[in-house]
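*Asks:* This structure is in structure tokens; I'll ask about it shortly.
The values are calculated or read from the model by the stated rules, or taken from the named source; none is laboratory data. All values derive from a computational prediction rather than experimental measurement. With ideal geometry, Cβ positions are generated from the backbone for all residues, glycine too; neighbour counts draw on all protein chains shown.
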Amino acid sequence: MDTKERLQKIIAASGLMSRRSAEEAILAGRVQVNGVVTSLLGTKASRDLDLITIDGTPIPKRETHRTFLFYKPRGVMTTKKDPEGRPTIMDYFQDVPAVNPAGRLDYESEGLLILTTDGELLLKLTHPRYRVKKIYEVTTDRRLTKDHIEKLCTEIQLSDGPGKFESCEKLDERDTYRITILEGRNRFIRRMIAACDDNQVVRLLRTHMGPYALGTLSFGERTEIFPDAEADLNP
């Protein structure tokens, strides 16, 4: 089934101009869809089936990227290959070999992983300057004290520099916490928790990354999404 998208999004995706410039072109009556002038910003079209022109010239075609939300199970590597022969995310994406993961979840962790063929989206999701929030549900083997939580949300010195959680909220009596971070360092949450009197993480589940949520996905399930490349990643 063909998916219709906002006209300004299609034009921006073609690389011809920015989305704002595309909106201005639409409002100015410079854009035609199948030979008919459209000046409404809400107009939708198909990038594959409709002929879209600006000032009479067809917009260039650009490969449509593919992006997925995936529930990475525990015991799966966030790599394309593993020299030890362990399961990898590509066992679930053999039909889309060009996808790459946005960041990592370590072997013992589970939950939301975003995979995409869009290099721009990968950059926005992983580069520190974009400060994309990631939310986890973390169960520890012992309860974190108030002093622990205060330290975690202020600053803890790790081997590769200081770190802190943006927030740490207790969820239930099973010593499970909702933790928000902006970090992307390796095993960051586990190392931070271990710095609190050698406490250990029993389960680590990522539920959100920027505007994207795990939702109702189950172990090993994926769903394809069509993100707006210019959308705010921290709404």
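*Asks:* Do we have any residue at all in segment 156-173 that's small (Gly, Ala, Ser) and surrounded by fewer than 14 Cβ atoms within 10 Å (Cβ to Cβ)?
*Replies:* Checking segment 156-173: at least one residue is small (Gly, Ala, Ser) and surrounded by fewer than 14 Cβ atoms within 10 Å (Cβ to Cβ).
*Asks:* Ok, one more. Those residues that are exposed (fewer than 15 other Cβ atoms within 10 Å of the Cβ) and either modelled with pLDDT under 95 or in the same structural domain as Val201 (by TED's automatic domain parsing) (or both), I need them from segment 105-121; list them, please.
*Replies:* Scanning segment 105-121 gives Gly119, Glu120.
*Asks:* Condition test on Asp198, is it of a type in the set (D, E, K, R), part of a loop (DSSP other than H, G, I, E, B) and either in the same structural domain as Leu122 (by TED's automatic domain parsing) or on the phi > 0 side of the Ramachandran plot (or both)?
*Replies:* yes
*Asks:* Among (1) crowded, with 19+ Cβ neighbours inside 10 Å; (2) more than 30 Å from Thr139 (Cβ to Cβ), where does Ala102 come up short?
*Replies:* Here Ala102 clears every test but (2).
*Asks:* Same structure, new question: Filtering segment 201-216 down to residues that are small (Gly, Ala, Ser) and assigned to a loop (DSSP other than H, G, I, E, B), which residue is farthest from the chain's Cα centre (by Cα)?
*Replies:* Gly215
*Asks:* Out of the residues in segment 101-158 meeting the condition of being basic (Lys, Arg) and touching a Leu at 6+ places or on another chain (Cβ under 9 Å), tell me which one is farthest from Leu204 (Cα to Cα).
*Replies:* Lys124
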